[in-house]
Amino acid sequence: MTRTTGTGPARTGPASSGPTTPRTAGSRTAGEFQRLYGAAPEGVWAAPGRVNLIGEHTDYNDGFVLPFALPQRTEVAASRRTDGILRIHSADTRSGVVTLDVSSLDPAHSPKGADGWAGYPAGVLWALLDADLPVSAGADLHIRSEVPAGAGLSSSAALEVATALALTEAAGLRLSRPEVARLARRAENAYVGVPCGVMDQTASACATDGHVLHLDTRTLAERHLPFDCAAEGLALLVIDTRVTHDLADGAYARRRASCHAAAAALGLDALRDLPPAGLEEALGRLADPEQRARVRHIVTENDRVARVAALLTAGRLRETGPLLTEGHVSLRDDYEVSCPELDLAVATATAAGAYGARMTGGGFGGSALALIDAEAEAAVARAVTEAFARSGFTSPRTLVAAPSAGAGRLA
Ligand code: GLA
């Protein structure tokens, strides 16, 4: 079940409501597992989707990101098997039970992109075994997700992180959360074939309730900054444009390659090493206008993350709004990863009173985020829905996202 609607906003609970464990706390998923496989699971684990407040496309440039975990989670009920068979079932697809021979899991023949959903849990088991971790070379898994798929809210990271926790903790291993994130990302990079950075899996594994995660993607140093919207009378409205994005399609990889080529041309390890004060001089040394625009986005975006983090630390939440909107303009014009639906969502939300708004995630579709007065939620959502209708776009879904807890064991 997703707590989203096709026509208007759906509340996901107040921002300051303590740990956001789903009401079922895994019992529904455990019951379904038992009916499916004939025995109770060894446990149920959950991991959330994420929204990135700001810091987009900076993670593969060793830069800074500021994501938070959604209340919506993916639950994985799991039991180990000892016969080399991996069985996977999802309550959210009609695929039935997918049965795989673990010894034949092979990145070269894995399903590509989000369509092959079973590739994510299969890739995680492959990554754990490839890292020589003492997990069982087989399992029964049943998956149930609240994270909207294809909405740029990291449903794949949620599935990977929940599976990695399930398979390691069922085997009695207690890996650190960053290590769980690293293994989950390896599954996505090496098995599924999406060259994503470290942000999504780290947010899902490491975020804490009521906070955004300030992550230095080079050192992996974490700072958990309070973001209590409700106390300020604010809300974060997520607008899912319903334009599905597929990071495996090459545009993401091209942005990444362009950044790495620019860093090399400038003699830097990564664009993170270029400070705002050195930007103009560096741009003068790059001949390609497209590369210059990409570099400008990364350098200014890292700076915006620092400025948003400083405002949050000072408790000045509202004042982050203009920086969010500036970030959107940079992603639209310099990084060229927006689309008409995202631009319309941002323009309409800000015209309807949002303090700021931006696309969030990889782009080319997915979701936008708007910082609004909590009481304006219905009005902003209605304005966006009406603007989409006037433009002939598919009706967007909206939800209010309160920063929530990262992954954990439910039962
Ligand atoms: C996707 C990737 C992340 C990050 C964002 C853009 O979500 O999975 O690693 O690069 O795009 O910020």
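Quick notes on this one:
- Computed [θ] at 222 nm, helices only, for the chain once each DSSP H run of length n ≥ 4 contributes -39500 (n - 2.57): -11000 deg cm²/dmol
- Burial order of peptide ranges 365-373, 287-295 (average beta-carbon count within 10 Å, highest first): 365-373, 287-295
- The peptide list 59-72, 216-229, put in order of mean Cβ contacts within 10 Å with the highest first, becomes 59-72, 216-229.
- Mean Cα-pair separation over length for the chain, i.e. relative contact order, pairs under 8 Å, 6 or more apart, %: 26
- Test item: Cα-centred dipole of the chain, Lys/Arg +1 and Asp/Glu -1 on Cβ, debye: 680
No lab work stands behind these numbers, since they all come straight from the coordinates. Treat the numbers as computed from the prediction; the structure is a model and nothing was measured. No Cβ is skipped: glycine too gets one built from the backbone with ideal geometry, and neighbour counts run over all protein chains shown.
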